[in-house]
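Trainee: Submitted below is the structure of interest, expressed as C-alpha cells.
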Amino acid sequence: MSSCIFCAIARREAPAERVYEDDGLLAFLDVRPITRGHTLVVPKIHAAELGDLDADTGARMFRLGHRLALALRRSELAADGANLMLNDGPAAFQTVAHVHLHVVPRRHGDRLRFATGLLLRRSAEPAATAATIRAALDEPDPAP
C-alpha cells in the first residue's frame, strides 16, 4: 500500500531508527514514544488489521516483541518490565492502519512518567536509543 507510512519505512522511503530487521519483520523506534526505547514491530507486508495478517507472521511478531522486551531489560535503558500492546482496529485506538506491536519499556514507579508520556509523546536521543537496543539484542537471551 503506497500511502501507508509503515510500508514506506519498510521500503526505506521514509526515515526511522531501525532496531531489528529480517526478511519479514522490521522493528523501529516509535516517532512519538511513550517512554524512551518504545519500539514498534511491524510485518513488512501490508496488513491493516489482525484479520489481514497470517497467524505465522503474528507469532513471529510476538516472538520478536519478547526478544525486544528482554533486550530492553539488559540494555543501558535498564527497564524493569515492558508492555506489549497491539491495538486492532480504530475501535481499539489503532492510529496507523498497518498491524504493529508496541514494546514499551517500563520502570518501577513510572506511572506518572508513563501517563505524561502518553500525553506528550516526545522522542529523546533516538539514534543513541536505537544503538543501545541493537547492542542488547546482540547479546544472548538468558536461559529460562
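The values are calculated or read from the model by the stated rules, or taken from the named source; none is laboratory data. Here the structure is a predicted model, which means the values were calculated and not measured. No Cβ is skipped: glycine too gets one built from the backbone with ideal geometry, and neighbour counts run over all protein chains shown. Note: areas computed on protein heavy atoms with side chains; ligands, DNA, RNA excluded. Shrake-Rupley method; radii C 1.70, N 1.55, O 1.52, S 1.80 Å.
Trainee: Would you be able to tell me the number of residues in the stretch 68-85 that are buried (at least 17 other Cβ atoms within 10 Å of the Cβ) and part of a loop (DSSP other than H, G, I, E, B)?
Mentor: So the count comes out to 3.
Trainee: Inspect the stretch 10-17 for any residue being open to solvent by less than 80 Å² (accessible area, probe 1.4 Å), touching a strand residue (DSSP E or B) at 6+ places or on another chain (Cβ under 7 Å) and within 16 Å of residue 127 (Cα to Cα) and give the result as yes or no.
Mentor: There is at least one residue in the stretch 10-17 that is open to solvent by less than 80 Å² (accessible area, probe 1.4 Å), touching a strand residue (DSSP E or B) at 6+ places or on another chain (Cβ under 7 Å) and within 16 Å of residue 127 (Cα to Cα).
Trainee: Under 6 Å by Cβ, and 6 or more places apart or on different chains, what pairs join a residue from the stretch 29-47 that is closer than 13 Å to residue 129 by Cα and open to solvent by 10 Å² or more (accessible area, probe 1.4 Å) with one that is assigned to a loop (DSSP other than H, G, I, E, B) and not hydroxyl-bearing (Ser, Thr, Tyr)?
Mentor: Here the result reads 29/17; 30/38; 36/124, each pair linking the stretch 29-47 to a residue that is assigned to a loop (DSSP other than H, G, I, E, B) and not hydroxyl-bearing (Ser, Thr, Tyr).
Trainee: For residue 33, which of the numbered conditions (1) of a type outside the set (Val, Ile, Thr); (2) within 15 Å of the chain's Cα centre (by Cα); (3) under 17 Å from residue 86 (Cα atoms); (4) at pLDDT 95 or above fails to hold?
Mentor: Failing condition for residue 33: (4).
Trainee: Name the residues in the stretch 89-120 that are at pLDDT below 90 and open to solvent by 50 Å² or more (accessible area, probe 1.4 Å), would you?
Mentor: The answer is 109, 111, 112, 113, 116, 118, 119, 120.
Trainee: Please find, within the stretch 128-144, the residue that is modelled with the lowest pLDDT out of those that are open to solvent by 60 Å² or more (accessible area, probe 1.4 Å) and part of a helix (DSSP H, G or I).
Mentor: Ranking the qualifying residues of the stretch 128-144, first place goes to 138.
Okay, residues lined up against (1) on the phi > 0 side of the Ramachandran plot; (2) in contact (Cβ under 8 Å) with a residue 40 or more places away in the chain:
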{"position": "5", "(1), (2)": "no, yes"}
{"position": "10", "(1), (2)": "no, no"}
{"position": "27", "(1), (2)": "no, yes"}
{"position": "64", "(1), (2)": "no, yes"}
{"position": "67", "(1), (2)": "no, yes"}
{"position": "72", "(1), (2)": "no, yes"}
{"position": "86", "(1), (2)": "no, no"}
{"position": "93", "(1), (2)": "yes, no"}
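Trainee: Out of curiosity, is residue 65 small (Gly, Ala, Ser), part of a helix (DSSP H, G or I) and either open to solvent by less than 20 Å² (accessible area, probe 1.4 Å) or over 17 Å from residue 139 (Cα atoms) (or both)?
Mentor: So residue 65 fits the description; yes.
Trainee: Same structure again: Could you list, ordered by first residue, the pairs with Cβ atoms under 6 Å in which the first is in the stretch 117-143 and within 16 Å of residue 34 (Cα to Cα) and the second is basic (Lys, Arg) and at pLDDT 75 or above, at least 6 apart or interchain?
Mentor: Sorted first by the residue in the stretch 117-143, then by its partner, the pairs are 121/32; 124/36; 129/36.
Trainee: Across the stretch 1-28, what is the number of residues that are farther than 13 Å from residue 129 by Cβ and either part of a strand (DSSP E or B) or not charged (D, E, K, R) (or both)?
Mentor: Going through the stretch 1-28 one residue at a time, the tally reaches 17.
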